[in-house]
Structures are given as structure tokens and as C-alpha cells.
Amino acid sequence: MPAEKKSISLEERLGISWAATIGTVVVVVGVVSYTAIKWKDMSAGLHVTLLYLLGAGMLALGVFLERKDLYKILGRVLIGGGWAITFFITWAINHLEAARVLHSAPVDIALLLGVAVAMVWHTLKYDSQTVTATAFLLAFFSIGYKGDTALSVAAGAILAAGLSWIVVRRRWYQLEIFGILAAYLNHFFWVYPIIDAMAGHKVPFPEYWPSAILLVVYWAIFRTAYLLHKISYKEEEAVSTIAALLNPLLLLGLLKYQSVHPELAFYALLVLGVLEFGLGQLPVARARKAPFQVLSCLGALLMVVAVPFKYSGNSLDMLWLAGAEAFLLAGIFTRERLFRGFGLIISFLVALHAIPVRIAPLVEEIINGQPHYHVQVSIVLAVIAVALYANAHVVRRIWPDLFRDEPEQTSGSVLSFMASISAVAAVYAFAGDNKIAIVLALLVIVLSFLGKQFSIDELVYQAHWIAVVAAVQVIVIGRTLETQWHGVPERILTFAPVAALLYVSSRFVRSSNTNSKAVFAAAYGWAATSLLTIMIWFQSPDWCMTLLWLGLALALSLVAGALQRTDFKWQAFALALLSFGRAVAVNFDLTNIFFLHLTYRLISVSATAGGIYVLARWAPLKQLRPIYSFSGTFLLAVLAFKEVPEPWIAVAWAILAICLSLAARLWKDRALLWQTHILSALATGWTLYASFAPQYKDSRVQLISVVITAAVLYVQNWVTNIKDVIEDERISQAYSWAGSLLVSWLLWYRLEPVSVCLAWAVFGMLLFEIGNWRSWAFLRLQAYVALMCSFAHIFYANFNVPRSPGTLGAAAIDVMILSPIYFFVYWRLHGKTTDASAVESKIRVEYLLSWLGTATLVALARFELSLEAVVVGYAAIVLGTLLAAWLMRLRVFLYQALVVLGFAAFRISTHNFFRLEEAFSSSLSSSIWAILLLAACVPVSFAMRQTSGEPGKGPRWAAFLARHPEQPLFFVPAILTAVLIALKASGPKITFEWAAEAVLIILVGFFVRERSYVRSGLGLLLICPVKVLAMDMWKIHDTGARALFVVGIGAMLMLGSFLFARNRETLRKFL
Amino acid sequence: MKRVLIPALILAIAGAALYYSERHKQETRVGPEAVLNALADTQRGISRVPAALTRLSDEEEIRMGDSMAQGYTTRYTVNQPEDAALQEYVSKVGVIVAAHARRKLEYKFHYIPDENLINAFALPGGHVFIGKGLILLMDSEDELANILGHEVEHIDNYHCVERFQLKTRLHDVPLAELLTLPVEFFQAGYTKEQELEADRDGTWLAVLAGYSPQGAVRMFETFARLHREYVLKAESPDQELSQVAIQGIMGYFRSHPLPQERIHQIQRIMAARNWSAHPEKALRVRPVATKAVANNR
């Protein structure tokens, strides 16, 4: 189970080793801190003794634990900590005031050295970098924590020397890196308070020279150690190299930090460079090769870096360049790679130096618009560019075997790129503003040609960015270039050549072997086209700019066709979009007259739209054609909006839409069809918005514009129905919906409010008839909507006319005619002359219309008759519908009769019956008439009775009523009569009249052989004696009258008895 | 043939009707009033039978009305001699008119000296209120009598008390809780049928008291004119100025029938009963207008 073991091991490491290490460090840190803080409270000797005991105790414990396998790591850490404390105390007995028991610094240093030696000697016994590193770490920390004299820091040098000796002996090169960092950081902590106290104004300080010397000593110790390294593995060399580089870097960093004599920097760098370079040439260094390379490079670099600290001016560039060429050529001729490297590096530095010194000021002048014509600078930069190009490409082509490795290849590419920067800068410093772009474009064509011809990719890539600069330059300059040259605008003379050169470069780039050459070639084309576009923008009058752009687009499209260049088609597409955008943004505001009454807007926008339509033929992708046509249509639509008077805009849009739909029909183009849809929708919306505005109320303009638009929409219903193009037939049907909407809207606006309902109904009827004739269900649906709207509208207009019973106003007449229209459509549908659509079947439109017809009559009665006579109207409707149901055998009218019967019962019981006592009330007469009319329905209801057959649908009670209409139609008037008697009569009269009614009911019941009638009559009859005995009799104060009354009651009862006896057999059948 | 003739006949009749209605323009107001009125009347019809079966006693109604009236009258003080005279005058006319009401309650008439109150309303138990703004629109005692008769009939026909009695009876709400109802609850008007009923019976009361029914007609004509001005947009600065006062009658027209319909009803009754339009008596006490309300007359 190796994996498990490994896992456990890792846990142990984390839990024991790391924990112990950190714990120990914490103890030490704590002791040191405590000591520093509380030191004054104790005698120095006591504390020294205590801390020595502590250090010794830790050491002893560490030695003891180290022998046990389980606590080996903890023991080693304790050993390290013990030595650290011992070292610190040894240092403190001389350097810390509170612990000073030793007053001789040299003796203390000797003691420190002794402790360090003992520490190293002891820790080396364990052969562990961890233990030794811990010891040294703590020692460095102890010194750095409270170091205050140079001698204190000198202890660090002793530590560093000891550590370096161990590094060399044990080949612990990682420890060397640690030692270098510790030594220099320790030193930094020492000088930091001194430098920081100067607050940025450095002045010479007493410790300056000791510090500098000490730093040099550090450097020397670690450099010596580096040269003495014995390397067995590649990894060891890598670690050593890091240490080797870190050493001078930290040295120079600290020297710079504490520097109070900047003038000495040149000498310091030069001396250090010479030393490093010299050390690199020692046999011990050359034997290992890596020190030779590292130290030589370092030395050369430091020497080169030293120069700017001493010299400045043009000579520097040339001096460096000469040096670089010397190194390079030396490296070539001696075949020493290092020297070639120096040459390349110095070349790079020359170019790099030129950026802040030469190029940056030039750029600043260009940006600030200052003159930037400097022949000397241009010559220097040109020389640099030529030299760098030569180093990068010519040399490589002549001695290819020397530059095969990747570093050389990369450096060559970098130099080439730097050369291009210098070349561009040279052009800027040399050429006049107008010509810079042309010269740059020439440079682009040269580079791209050479790059293509000699397969030098870098040159082609450089051409790319220079092309960008050229394009930007021509745009920037062209913006303000208003002068002419022999009558030709200089702007054209600048833009056109640059564009042409870029077009040509595009071909070279396309022929090169570079990556993404097609993309870049296209980019050149785009840039050239963009320049021409911008040139037109600057040069052209406002009104014809879009036309010139479209002309350019057309030319590009033709060239694209000839050369099979798709990118040109894309450019033409972009130009078309640009023209469109420009037309939208600018041309719509060009309201000046061009000639006659034609505005610039009309001419330019219509021509632009036409051009865009034409360009659709060369669309880069077939799927993009809709964008062209949509753009063209948009322009024409907006043009119509701007040019045409408000109410005619919709007409113009509608006509444009029909042209588009005809085109769509011709070319089977779905995009054109969708434009038709959108335009038509807009035309409809605009008609509703504009033509019906208050200012056009009742005007001919309104009438004609709406009629034309509606007519066009109706025609579109046919034109847009293009087989295999239109997605759904319902879309084309929507046109007729829109047309009908406009017609309805027109009727609504132009007619009196009370006429609207009838007009809509007639319109609906016509739509229905046409739909019926042509079998167009959608027209019939529109008809139903119109009919239903007509019904709804009567409640909002006609019935708001003040009620004037006895007179027949226009509002009432119009409503009266609605009902026949509804019934006529119902009759048509009922006649099954056409197949019903799914929607018609779903909403059961046939029944709906019959209900509308009856509902219209009910509403007419409710709103037009006097309040009391409403119920008579209802009763008459019940009779009428019942007769219709009987005569035409249409049960739907039976249902309607029953519903209206409910209305009548409700009305009479909640209105008329409450007004029977009032002075002017006709409620009584109305109630009687209503009851009589309802009673007249009874014979008819028997004819409608169904005694057999399937039960109807719906609730049981409703089905019962439908099968037995004689029940509600008899009992409603009977009950109403009884209530009327109770309300109108008084006292005993009620009883008499109820009895009479009861007898009548019984007689009718026998006559029609209806058991329920007889039973109800009997029930009412039986109530009478109860009422008499309970109430009536006691209201008669005259005893005689009371007796007669009782007799009368008895007689009535006898009569009833007789009648029953006489009809016993019949009765048995019923009962 | 039948399939062609019938639609042709319908179309011909419809065409003629359209021609007729376009030639004989009938003024109407497009809106939901008809439907709303019908719904309100239906709602009242549904509650009518239960209301008749759950009547409050007269004592209960009077107790409630007195309490509400007391709360309302404390808002206004009748200190000016002119206001006191008007209070007395209104009471005198009111008592004469109410003498023929079916319900024999102690009717009390209150004058509210507020020019912005262009309204009259009744509370349960016999309290009738009339605002100064409304009297400023009158110029005859007959008009005043007809208005007071109208309000008396709202009490006489139980319109007032029916507003809350169902709640009291069916939901067992204590009467004391209903005393907190705001008076504005009774100012908002009634259903169309209730208003027509009060018009009809109120005019009858005025006639029985010796006043001319023409007073009702003329009062409604004033309302009709105001209504037109209220509904139609003002077209001159004068009309705009009068709109300020007209805003006050918004509540009055909110649920009342159209004035033209009310006029028709009264004229029909006058014709049926052969009532003569004898001369009206001028107002004996007339309030003094301080705002533009008087210009509406």
C-alpha cells in the first residue's frame, strides 16, 4: 500500500515537522522580543546567563530528541533554535546597551565567529539543509533585529562566509540563495533607518563607507563561492546561476539605495563590469562554461550600462551601433556565439535608446502640431534602421548556419521590428506633412514586396503596422488639407495614391507566406476603401456623398466579380450600409430645392435607395440581400414620411408596399414580402393616427386617404398570398382584417354615434355575404366581429340618448334594424350554404348571432320603452321567440324565450310590483298586459313540449325546462298573478281572487291534462280557507258579513269538491 | 331569388335608416352610462325584495338620521341674518311640500350657507339639506319646492334607508356602527330609476302643495345647460370661468339621469295629468352670491 504510506508520511510532515519548525521560530521570536522590551528591568548579567542557559537547554534537548526517530525533525529544529539564541546573545553582550557585559567589539566578533563556526560544525553533523538553514536564519534575524553599528552588521559577513563555506562543501546551492538574500536584507535593515531619516534628501553619513565596503565583501564572498561550485547536475547549475545573478543585483540595488555620490555610479558599474567580465575569463570560470557565460554577459552589460551615466548626444547612438556591429562581426568571424549575442543585444539597446531620445521627442512634436523636420535625426534613425535591418536579415541570409538557433532567430525578429520603428520615425523626421503618408505607403509596398519575394515574414508584418500608421496619417492630414495643386485638390492627391498603394500592397501580402495572409490582405483592401470613403466624405457635397459612396461600392462590386475578391463585396456591403446611415442621418434634412419642386432630399434619398436595391445583386452572402432591400425600403418609407403631406403618408406607404409585394411575387422574395407586411402595418397604424386626427374630421382628405389605403390592403390580401413564399396564409388574411379595421374606423369617425352600430352591422353583413360567396372564412370572421361590435356599440351610444317613450328616434330605429341583420346572418348560417371553419364551429357563431338578435330586442325594450312598459316588451319577446321556435322548429328560440321569461319575471317582481300604489303608475296595466302575454304563450309551449326522446345537454333542471317549456311558461304568469292579487287587493278580496285563480288553474289543468297544474291549483285553493280562518275572518268586524264570508268560502270549497268528483276518473289518471 | 331579395331588402332599409339618422342628428353622449345605469338598477332590483322584507322601524331610522344630521350641521354655522332668514324660508316651503308625503315623519329642512355646495340631499329619518350654491341657481319658489319634494321622496320611497338597512339586517351590524357613515355617502346620488322615481313623486308633492310643475322643468333645464357646459369643452374665457363653479356639481351629475330625460318625464306627466304651467312665484328670500356661481343662472 505505498500510496497510503505516502499519504501518512505527508500528514506526519505537516503535523510534526512543520508544526515544530514554526513553533520553534515562534519561541525564538518571542524570546527575542521579550528581551528587547524588558531588558532594562533586569540586570545584564542575569539575562545573558538566562539566555545562554535557554540556548544551551534548547541545544541539549534538540540533541537528545534528534537521536529518537520519532522526534528527529523536532530535535533538529531545536538545535537550530538553540544555536540561534546562543549566537544572538553572543552578539548582544557587546552591541545591546542593556546586555553589554563585553566592551570590546573585536573580541565580540571573534566570539561570534567562534559561535558561528561551532554552529556550522555542529549542524553539519546532521547533514541537513533544514537544520543549517534554520540556524542561519535565526542568526541573521538576531543580528538584523537590533543592529546599530557597522560592526554588528559585520557579524552578518562572518555568517555569510560561514554559510558560503558550507555551501561549497556540501553543495547546498539552494542554501546559497537563502544566504545571499539573508545577508543583503540584513544589511538593508541596518541602513534603512539611516536613509529613511534623511526624508529623500540624501547626504553623506558616517556609516557610508563601512556599509559600501561590507556590501562589496558580501559580493566577494558569494562570488568566490560561486566560482568554487562543483556542479554535477544541470539543476545545480541553474540554481547556481540564479545565485550568481542575484548577488550583483542586490549589491547594486543596495549601493543605489544608500548612494550619496551619483557621479560615482559610472565608475562603480564600470569597475563591477570589468571585475565580473574579468572573473568570467578566469580558467576556473571557463572550465565550467556557465560562469564564463554568465559573468561575461554580466560584465559586458554592466560596462554598456555604465556608458549612459557618463556620456550623451548623437555620438552615443553611433558609438553603440559601431560597438554592436563590432561585436557582431567579431562573433561571426570568430564563430563565438557569445560575441554575436553581444552584438545583437547592443543593437537592440541602440534601438531602445533611440526611442526615448530620438523618437519620443519627435512623437511629442507631431502630437503637438509642431514642426518635426530634423534632417540630422532622420539620418541617424535611417542609419539605425538600415543597420538593424542588415543585422536582422542580410547577415542572417549570408551566414545562415550561425543564426539557426531560436534565440538568434527571435533577436533578429526583434531587431527587424525595431528597425521598422526607426524607419517610420525617419520618414516623419524627413518628409513634409502631405507626403508622409505616401512615403509610408511606399515603404509598406517595399516591405510587403520584399517580404513576399524573400519569404521574410517579419517584413510583411511590419508592413501591416506601417500601413496603419500611413492610413491614420493620411486621415489626420487630409482632415484639414484644403489646398489645391494645379486645380486638383491636394486631398485627392494624398488619399488616392495611398489607397492605390495599399490596394497593390494587398496583392503582395496575399502572395506572401505569412500567417493569416488572407485576413491581412483583406484588411489592406478595407483600409484602402476606407481611405477612399473618407476622401469622399471630406471632398463631396453633402447631398451626393451617398451616391459617390454607392458608386464606389458598385465599382468594388464589379471588380470583386472580375477578380473573385469576396472582401471587395463585403466592402461594397459596408459602403451600402454607410450610405444608408448617411442618408438617414443627413440627407433627410436636405430640404433645399434642387430644381422645379424637387428637393435635394427627394433626389438623393431616392437615388440612394435605388442604388442599395441594385447593390443587392452583388451581396457577399445571399442571406444578406434582405438587409439591402430592408435598407432601401426603409429609406423610401422615411422619404415618403418626410415628403408627403401627413394624411397621404399612409397612402404612399401602402402603394410602396404593393410595389414591393408585386416584386416579391415576381422574384419569390420573402424579405420583400416581409417589408410589405411591415409597411402595410405602418400604413394601417399611421392611417389610424393621422387621418383620424381632429383637423381632418369630416374632410375629403380623410375619406379618400382611408378608402385608398383600405382598398390597397384588401388587394394585398391577394397579392401577398404567394405560394411557397408566405409562411402562413393567415398573414395575407391579416391584410383584409386591416382593411376592414380601417373601414370600420372610418364609419365610426364619419357617422353620427347613433348610426355607427347600423353601419357596422351592414358592413359586417356585406363581409359575410362576400365571405359566404367566396368561401372565405376569414372574411366571415371579420363579419362576426363587426356584428358583435355593432351590438356592443348600441350600449355606448344609442341607449345613452335620453329615453323618450312614445317617440321613435333615429337611435332606436337603427337598433331595430340590427336585429333583422343578426337574424339574417343566422339564417344564412343555419341554411348550411357554406362549410363552417374551425373557429366558427368553436364559437358556435350560428347560435351566437341568434342570441344577438334577441338580445338586441331585449335591450331595445329595456332602454327605449317606459320603465313600466319594459316588462310588456319582454313578454312580447317571449311570445315572439316562442312562436318562432314553434313555427320554424328552431329550439334555440325556445331557450331564448325561457331566458327572457326569467327577465320578465325579475322585472315585474322587482319593479312593477313596487309601483302599483303610485298615482301615475301604469305599472298595474303593464303588469296585467305582461301576464296576459305570458299566458298566451302557454298553448304554444304545449306544442313545443317534448315527452320523449333524448334528454338535452346541460344541467338537469335546464334540460327539464327545455323539454317541458309549458311548466315555466304556465307557472310564471300564474305566480305573478297570485302576487299581483296579493299586492293590489286587500284583506278578504285577496282570498277570493286567489280562490278564483286556483279554480281557473285547476280547470286549465284538467283541460290540458296537466297534473302539475291541477296540484298547484289545489294547493292555492287550500291556502284560501287557511288564510280566511287565520286572518281575513278577524278583520271583518260585522258579524253578519263575517258569516257570509265564511259561507262564500264554503261554497267555493264545495264547487271545488264537485268539480273533482265529476272528473274523478280523469283525476285518477292524473293523480 | 329569396337569397338575394332578403339581403337587398335589409340593405335598402338599413340604408334608409342610416340616411335618416344622419339627416336627423340625435345628440348623444358616447360612454358607458347606459350600461352602468342598467347594472345599478338591476342591483337595486335584486336587493329590493329583501329590503322590503327587512325594513327598519321609523323610530330606528329617525334616530339614525338625527344623529347624522347633528354631526353634519355642526360643520356650518348660521349666524348671518340672511342665512337665518333663508333657513326659515327653506323650512317653511319644505314643510308645505312634505305635508302630502306618504310616510308621516317629522321632516326637517336645513339650509347650508356654502356657495360651493350646488346640491341637495336627504338623510334617513326626514332630514333634507340644500346648499346655497343650488339656491343661487334658482329664481322661483316653485323650483325650490320641486327640489325639496324630490329629496323628500328619497326618504318617502326608502331610498336613503335602503342604502344600509340590508347590511344592518342581514349581516347583523349594530346601528351604532352605521352612525359613523359619512354624510357624503348620501350626497352621491341614487340609481337612475330611483332618481326618476323621486322626480316624478317629488313633482307630485309640489303640485299638491300648490306649486307649478314648471318649476321642476325649469330647474332641470338649468341642469341641462350646466351639463352641456360641463360635458362639452369650454370655448371661451367666460365658459372657462364658470367651469370653476361647475366642478362643484360633478357629484350631482355622477349618477343622476340625463337632465333631458328628466324633463321629458315631467312633461309627459304634465300632459297626462293635464297640469297647467301656471305662473311661478318668485323667491321671497334670495341668497347673495359672492362668487361666479350666480352667473350660471
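Residue by residue, here is whether (1) of a type outside the set (K, R); (2) buried (at least 22 other Cβ atoms within 10 Å of the Cβ); (3) modelled with pLDDT of 90 or more; (4) outside any helix (DSSP H, G or I) holds:
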residue	(1), (2), (3), (4)
B:D114	yes, no, no, yes
B:I118	yes, yes, no, yes
B:F121	yes, yes, yes, yes
B:I147	yes, yes, yes, no
B:H154	yes, yes, yes, no
B:K167	no, no, no, no
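Taken together, the residues in the range A:878-928 that are in a loop (DSSP other than H, G, I, E, B), touching a residue at least 24 places away in the same chain (Cβ under 8 Å), within 19 Å of A:R963 (Cβ to Cβ) and basic (K, R) amount to 0.
For the range B:5-15, the candidate set comprises residues that are more than 9 Å from chain A (Cβ to nearest Cβ) and open to solvent by less than 80 Å² (accessible area, probe 1.4 Å); within that set, the residue that is farthest from B:A224 (Cα to Cα) is B:A8.
Whenever a residue of the range A:98-120 is at pLDDT below 80, its partners that are among the basic types (K, R), lying with C-beta atoms within less than 7 angstrom and at least six residues away or across chains, give the pairs A:A98/A:K40.
Regarding the range A:611-630, can at least one residue be identified that is within 25 Å of A:A693 (Cβ to Cβ) and touching a residue at least 60 places away in the same chain (Cβ under 8 Å)?
no
Selection of the range A:241-264 for residues being open to solvent by 50 Å² or more (accessible area, probe 1.4 Å) and outside any helix (DSSP H, G or I) yields only A:H261. Only one of the numbered conditions (1) part of a helix (DSSP H, G or I); (2) under 18 Å from A:F778 (Cα atoms); (3) of a type outside the set (A, V, I, L, M, F, W, C) is violated by A:Q702, and that is (2). For the range A:788-799, the set of residues classified as surrounded by fewer than 21 Cβ atoms within 10 Å (Cβ to Cβ), more than 10 Å from chain B (Cβ to nearest Cβ) and touching a residue at least 60 places away in the same chain (Cβ under 8 Å) consists of A:M788 only.
Take B:V30 and tell me if it is without any contact (Cβ under 8 Å) to a residue 40 or more places away in the chain, over 21 Å from the mean Cα position of the chain (by Cα), surrounded by fewer than 17 Cβ atoms within 10 Å (Cβ to Cβ) and within 11 Å of chain A (Cβ to nearest Cβ). Explain how you work it out, then say what you get.
Working: without any contact (Cβ under 8 Å) to a residue 40 or more places away in the chain: yes; over 21 Å from the mean Cα position of the chain (by Cα): yes; surrounded by fewer than 17 Cβ atoms within 10 Å (Cβ to Cβ): yes; within 11 Å of chain A (Cβ to nearest Cβ): yes.
In short, yes.
Looking only at the range B:37-49, residues that are closer than 22 Å to B:A224 by Cβ and more than 10 Å from chain A (Cβ to nearest Cβ) come to 1 in all. Condition check for A:I704 on (1) open to solvent by 40 Å² or more (accessible area, probe 1.4 Å); (2) in contact (Cβ under 8 Å) with a residue 12 or more places away in the chain; (3) of a type in the set (V, I, T): one failure, at (2). For the range A:310-318, the condition of being crowded, with 19+ Cβ neighbours inside 10 Å, closer than 30 Å to A:I477 by Cβ, modelled with pLDDT under 80 and out of contact with any strand residue (DSSP E or B) (no Cβ under 7 Å at 6 or more places or on another chain) holds for at least one residue.
Is at least one residue of the range B:50-64 facing chain A (nearest Cβ under 7 Å) and without any contact (Cβ under 8 Å) to a residue 24 or more places away in the chain? No, the range B:50-64 contains no residue that is facing chain A (nearest Cβ under 7 Å) and without any contact (Cβ under 8 Å) to a residue 24 or more places away in the chain. Checked against (1) buried (at least 18 other Cβ atoms within 10 Å of the Cβ); (2) β-branched (V, I, T); (3) free of Cβ contacts under 8 Å to residues at least 60 places away in the same chain, A:T856 passes all but condition (3).
No other residue among A:I1049, A:I975 is modelled with pLDDT of 75 or more and of a type outside the set (D, E) apart from A:I975.
Taking the conditions (1) part of a helix (DSSP H, G or I); (2) surrounded by fewer than 19 Cβ atoms within 10 Å (Cβ to Cβ); (3) within 14 Å of chain A (Cβ to nearest Cβ) in turn, B:D83 satisfies each one other than (3).
For the subset of the range A:772-785 comprising residues that are within 13 Å of another protein chain (Cβ to nearest Cβ) and under 18 Å from A:L848 (Cβ atoms), which member is surrounded by the fewest Cβ atoms within 10 Å (Cβ to Cβ)?
Our first condition is that a residue be within 13 Å of another protein chain (Cβ to nearest Cβ); within the range A:772-785, this holds for A:772-773, A:783.
With the extra rule that they be under 18 Å from A:L848 (Cβ atoms), the set shrinks to A:772, A:783.
Numbers: A:N772: 20, A:A783: 25.
Result: A:N772.
The residues of the range A:987-1037 that are of a type in the set (A, V, I, L, M, F, W, C) and over 27 Å from A:V938 (Cα atoms), listed by number, are A:V1026, A:V1028, A:L1029, A:A1030, A:M1031, A:M1033, A:W1034, A:I1036. Given the residues A:L575, A:L502, which is the only one that is within 23 Å of A:I438 (Cα to Cα) and either within 37 Å of the chain's Cα centre (by Cα) or assigned to a helix (DSSP H, G or I) (or both)? Testing whether each residue is within 23 Å of A:I438 (Cα to Cα) and either within 37 Å of the chain's Cα centre (by Cα) or assigned to a helix (DSSP H, G or I) (or both) leaves just A:L502. May I ask you to list the residues in the range A:878-906 that are open to solvent by less than 20 Å² (accessible area, probe 1.4 Å) and closer than 30 Å to B:P50 by Cα? The answer is A:V878, A:Q896, A:A897, A:V900, A:L901, A:A904. Of all residues in the range A:800-833, those that are out of contact with any Cys (no Cβ under 7 Å at 6 or more places or on another chain), modelled with pLDDT of 85 or more and at the interface with chain B (Cβ under 7 Å from one of its Cβ atoms) total 7.
The values are calculated or read from the model by the stated rules, or taken from the named source; none is laboratory data. What you see is a predicted model; the values in this text were computed from it and never measured. Positions of Cβ are backbone-derived with ideal geometry, glycine not excepted, and every protein chain shown enters the neighbour counts. Just so you know, the surface numbers come from the protein's heavy atoms only, side chains and all, with ligands and any DNA or RNA stripped out. Shrake-Rupley method; radii C 1.70, N 1.55, O 1.52, S 1.80 Å.
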